[in-house]
Amino acid sequence: MKQTWWKEAVVYQVYWRSFLDTNGDGYGDLEGVRQKLPYIKELGADVVWLNPFYVSPDRDNGYDIADYYKVMDKAGTMEDFERLLDEAHALGLKVILDLVVNHTSDEHPWFLEAKASQDSSKRDYYIWHDPVNGGAPNNWRSYFAPSCWEYEAVSEQYYYHSFAVEQPDLNWENTTLRQEIYQMMRFWLDKGIDGFRMDVINLLAKRKNLSDVDNPYDLSYLANNPGIHEYLQEMHEEVLRHYDCMTVGEIPFVTPEEGLLYVDESRRELDTLFHFQIADEMPTWDMHRFKQIQRDWYEGLKGRGWNSQFLNNHDHTRQVTRYGNDREHRVASAKLLATLTHTLPGMPYIYQGEEIGMTGVTFDSIDDYQDIAMINRYNEEVAKGRDPRAVLESLQLLSRDNSRTPMQWTDESQAGFTTGEPWMSVNPNYVDVNVEADIQREDSVFRYYQQLIQLRKSHKALIYGEFTDLLPEDEALHGYERTLGEIRFTIILNHSDETREFPFELDPKTLVLQNIENNDTRLLPHEARIYMTKAAQ
Ligand code: GLC
Ligand code: CA
């Protein structure tokens, strides 16, 4: 495949409101991100992805946008952003922004105008429907509400929302709306940003057949509807192809065959994607399924499209808690999971804090949570008469707040995140788990990430190499190869709490990276090793 800068890049995701607060208001800010750019650079990342910082009532932490052209006060000012961007570029870092164009906030001027009357010139920017038998048009749910339809009393119609009631979906069938979006994308690209992470981008086209569905909880009807590829091809033609930028689409509900349609280079839509087969199908670790997913995506995209590797982000519980061991093996386990994302085919994404092995949280009361997805679901279930404690417990493991607690910089007050009251409680384990402490450890997670990233940068086999699963059936061990030309990497990981026999004959002299000091032929719990050989050896 054609070699490009972004295929070789490592992305560091900054959830800025939880990264570093520089004015004591309890929210991280763009100035905080700017101050920590050297930290991100030192880690070895190439691209910084910033979650949305546009003007927003913040019902869904910035994913409900009221002005696409302005910076929200909590984040700072446009000048702050420009300074951040300049300094990132000066350090050789690229910056990509979140593009949230499936929906706006219900406080966006377009929506305020649209809802005022059926004759409004902006009415068609959103999706409206008359009541059916005095109620919602069908039984479809939304991500954050029991119905994707909300009645709007003044103009007497329902509007469609894939997420919260406060996030009305835009009507991509409207040509003028599409041009408004393209213009906004050019505005940011002309400022010099290097691309977009595109929020739920495969939801833009809506299903035309409005019949009830059998299982409203399986939300796949919200995504991948006819027309989506035409919109993305148009966006590429109108905007993307004119810039040297990268795009990564958030694409839920796709198999590799469907995913390829979004990233096949010959189709000119997106560069790469996040698929959700791991996040959606594996609430906890499932070795067999994980290996299958990796093989299927490798085969499915091979030579035609590019994948991404991530095991957590701002919507998903921290990986060492969800998929590893965040107790006695936290450090080794954090490194093992990193080994996977940095050596499997596709671009690695690091979510802030992952590089020091930050863990998820369990708060005692629903009042300590802020995630709108969790709170709405909690209220819905409790209203049905279910035991509140049981409902809370059922939602804790996957609450999005698990990954949104403030970044742990030091063991000082509020983990060095803020001098004020943080918008969300700091994980109490900050006393032990923080950047300052991690970097001082001999077995630092941060330093292991640095080594992994450097290894990947010095060997294209880890980027463009062929992938072969060597142990498809093993329930505890991973073993796979990445080969390119005469270079072969063999990666062996013990994803379990027990010691395991080493499965192959490998020359110990070819070991290039290991997450635990161990010369034994047996693999310790959560041990990861990378071997490299040249064909001549
Ligand atoms: C994406 C975002 C998530 C947000 C949702 C609605 O899934 O990652 O945080 O709530 O889209 O915009
Ligand atoms: Ca602040």
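The values are calculated or read from the model by the stated rules, or taken from the named source; none is laboratory data. Quick caveat, the model's predicted, so the values are computed rather than measured. We place every Cβ from the backbone using ideal geometry, glycine too, and count neighbours over all the protein chains shown. To get the accessible areas, we keep the full protein, side chains included, count just its heavy atoms, and leave off ligands, DNA and RNA. Shrake-Rupley method; radii C 1.70, N 1.55, O 1.52, S 1.80 Å.
Brief remarks on what is shown
- Across region 488-498, coupling constants 3J(HN,Hα) worked out from phi with the 6.51/-1.76/1.60 Karplus curve, θ = phi - 60°, read 10, 9, 10, 10, 10, 9, 9, 8, 7, 8, 10 Hz, and Gly and Pro carry x.
- The sum of -39500 (n - 2.57) across all DSSP H runs of n ≥ 4, divided by the residue count of the chain, sets its helix-only mean residue ellipticity at 222 nm to -8000 deg cm²/dmol.
- Evaluated at q = 0.13 Å⁻¹, the base-10 log of the normalised Debye intensity for the chain, with identical point scatterers placed on the Cα atoms, takes the values -1.42.
- Across all C-alpha atoms in region 296-429, the radius of gyration and Dmax reach 17.3, 53 Å.
- Candidate lysines - alpha carbon under 19 Å from K460, same-chain residues fewer than 8 apart omitted: K2, K7, K302, K534
- About the Cα centre, charge dipole magnitude for the chain (Lys/Arg +1, Asp/Glu -1 at Cβ), debye: 1380
- The trypsin sites (Lys or Arg not before Pro) of region 328-428 that meet both conditions, a loop assignment by DSSP and at most 15 other Cβ atoms within 10 Å of the site Cβ, are K384, R386.
- Estimated FRET transfer efficiency when R0 is 56 angstrom, pair V132-T419 (beta carbons, to 0.05): 0.55
- Residues whose placed amide H lies under 5 Å from that of L273, excluding near-sequence neighbours: G249, S308
- Other residues with beta-carbon under 12 Å from the beta-carbon of R389 carry, at +1 per Lys or Arg and -1 per Asp or Glu, a net charge of -3.
- When all alpha carbon pairs of region 233-348 are counted in 10 Å bins from zero, the resulting P(r) reads 13, 42, 30, 12, 3, 0 %.
- Note: relative contact order over region 461-534, using C-alpha pairs below 8 Å and six or more positions apart, is 29 percent.
- Ligands, DNA and RNA excluded, the heavy atoms of H288 present near 80 Å² of accessible surface to a 1.4 Å solvent probe.
- Solvent-accessible area, 1.4 Å probe, carbon plus sulfur percent, for region 245-367: 45
- Here the dipole of region 109-160 is about 180 debye; that uses its Cα centre as origin and unit charges on the Cβ of Lys and Arg (positive) and Asp and Glu (negative).
- Normalised by the number of residues in region 109-160, the mean separation of alpha-carbon contacts (under 8 Å, six or more apart) gives a relative contact order of 33 percent.
- Each residue was assigned an accessible area with a 1.4 Å probe, and for D21 the value is about 10 Å².
- Taking a point 7 Å out from the Cα of E380 in the direction of its Cβ, the residues of region 358-372 whose backbone N falls within less than 16 Å of it are 371-372.
- If the chain linking H288 and R441 were pulled fully straight, counting 0.36 nm for each residue of separation and taking away their Cα-Cα distance, it would gain 51.7 nm.
- Taking every Cα-Cα distance in region 109-160 and sorting them into 10 Å bins starting at zero, the pair-distance distribution P(r) comes out as 27, 50, 23, 0 percent.
- Using a cutoff of 8 angstrom between alpha carbon atoms and counting only pairs six or more residues apart, the relative contact order for the chain works out to 13 percent.
- The order of T521, T410, T22 by accessible area, most exposed first and with a 1.4 Å probe, is T521, T22, T410.
- For the chain, the solvent-accessible area works out to 39 Å² per residue, with a probe of 1.4 Å and every protein chain left in place.
- Both radii come from the Cα set of region 421-466: Rg as radius of gyration, Rh as Kirkwood radius; their ratio Rg/Rh reads 1.23.
- Cross-link table K41/K457; K94/K191; K36/K335; K291/K457; K94/K457; K115/K384, entries beyond 20 Å C-alpha to C-alpha: K36/K335; K291/K457; K115/K384
- Q13 long-range amide H proximity, modeled H, under 5 Å: W49, I350, Y351, Q352
- Distance between the modelled labels on R522 and H89, one decimal in nanometres: 5.7 nm (7 Å Cα→Cβ projection).
- Candidate aspartates and glutamates - alpha carbon under 13 Å from K208, same-chain residues fewer than 8 apart omitted: E173
- Virtual spin-label span in nm between E505 and F276, 7 Å along Cα→Cβ: 4.8
- Of every Cα-Cα pair in region 461-534, the percent that sits beyond 13 Å: 64
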